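Colleague: Quick one: the structure is below, questions incoming.
Any read-out appearing in this document is the output of simple, stated calculations on the displayed coordinates, not a laboratory observation. These figures come from a predicted structure and were not determined experimentally. Reconstructed Cβ throughout: ideal geometry from the backbone, glycine too, with neighbour counts over all protein chains shown.
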Amino acid sequence: MSRQNVLTGSPYEDSIGFSRAARVGNFIAVSGTAPIAPDGSTAAPGDLYKQTLRSLEIIESVIEKAGGKRSDVIRTRLFLTDIKRWEEAARAHGEFFSSIKPACSFVEVKGLIREDWLVEIEADCAISE
C-alpha cells in the first residue's frame, strides 16, 4: 500500500521529523495541529474559540491535500491547556462538525510547544471510495 505524506511548511516538520498528515490506503491520520497563523505566529492569542477554528481549518486543508474531505473525519482529539474552557473549543468543533459528529475526546494537558497555544487537535479520517 502506498503512503502519502502531507507537509505544510511548518518549521516543526523538519526539526521533529513529522508530517502534518499521512495517508495509507483510505486512512488519513492528521497529527497534532496547533493554531498557527499563515505568517507562523500564533493565531488569536488568548481566544480558545478562534484558535480551535484555526486549527480545524488547517486540518481540513491537509485532509483535502491528501484526497479527503471534512465528512471523512471519524475521530478528533482536542488537547486543551485549561479544561475549564472546554465549551469554547466545543462550540467551534460543533460548528465545524455539526452534521458529521465524529468520535471526539477533550483532554487537558499541562502545556503545548508554545505557551500561547491553548489547543492542539488531531484527526483521523476514513475515505469511502
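Colleague: Restricting attention to the range 42-53, which residues are closer than 30 Å to Ser128 by Cβ and surrounded by fewer than 22 Cβ atoms within 10 Å (Cβ to Cβ)?
Modeller: Leu53
Colleague: If a residue must be assigned to a strand (DSSP E or B) and buried (at least 17 other Cβ atoms within 10 Å of the Cβ), how many such residues does the range 107-123 contain?
Modeller: 5
Colleague: Oh, and also: Looking at Val24, Val62, Val6, can you tell me which residue is exposed (fewer than 15 other Cβ atoms within 10 Å of the Cβ) and either of a type in the set (Val, Ile, Thr) or more than 14 Å from the chain's Cα centre (by Cα) (or both)?
Modeller: Unique residue meeting the criteria: Val24.
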